[in-house]
Amino acid sequence: MQNSFSGIGHYKTTNKESTSGYWADNGGDLHPLSVKLEENAIISIWGVAGKKQGRTEYRLESQNRAIVTDWILVSDGWKQFNQATFVLISPEE
């Protein structure tokens, strides 16, 4: 049997520079999040200070390419644990 990870972020817009919401996944995690909006990126800080806390950056590199990077906060700072590149591929005509 293969295990797969699934999660969803719910966001509400508070203004043009930030937003808030929460993250839930099938691993049982449920985290509040705050988000900073930049021209080509969304930077999300999730979790609770003093407990499990992380950061996810969704960065648009070009019209067809986005990079998602995840970090977890450990005792000596942010430690990257994931990075994925997404590329939009147009169907062949």
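The values are calculated or read from the model by the stated rules, or taken from the named source; none is laboratory data. Quick caveat, the model's predicted, so the values are computed rather than measured. Reconstructed Cβ throughout: ideal geometry from the backbone, glycine too, with neighbour counts over all protein chains shown.
List of remarks:
- In the range 43-93, of all residues being among the acidic types (Asp, Glu) and loosely packed, with under 15 Cβ neighbours inside 10 Å, the one that is nearest to residue 7 (Cα to Cα) corresponds to 61.
- Taken over the range 15-32, the criterion of being exposed (fewer than 13 other Cβ atoms within 10 Å of the Cβ), farther than 21 Å from residue 80 by Cβ and in contact with a Phe, Trp or Tyr (Cβ under 9 Å, 6 or more places away or on another chain) is satisfied by 26, 30, 32.
- Just one of the numbered conditions (1) surrounded by 11 or more Cβ atoms within 10 Å (Cβ to Cβ); (2) among the hydrophobic types (A, V, I, L, M, F, W, C); (3) within 11 Å of the chain's Cα centre (by Cα) is not true of residue 8: (1).
- The range 37-51: number of residues that are over 15 Å from residue 83 (Cα atoms) and either touching a Phe, Trp or Tyr at 6+ places or on another chain (Cβ under 8 Å) or modelled with pLDDT of 95 or more (or both): 1
- Residues of the range 1-43 that turn out to be of a type in the set (S, T, N, Q) and under 18 Å from residue 73 (Cβ atoms), as a count: 1
- Just one of (1) loosely packed, with under 15 Cβ neighbours inside 10 Å; (2) of a type outside the set (Lys, Arg); (3) out of contact with any His (no Cβ under 8 Å at 6 or more places or on another chain) fails for residue 35. It is (1).
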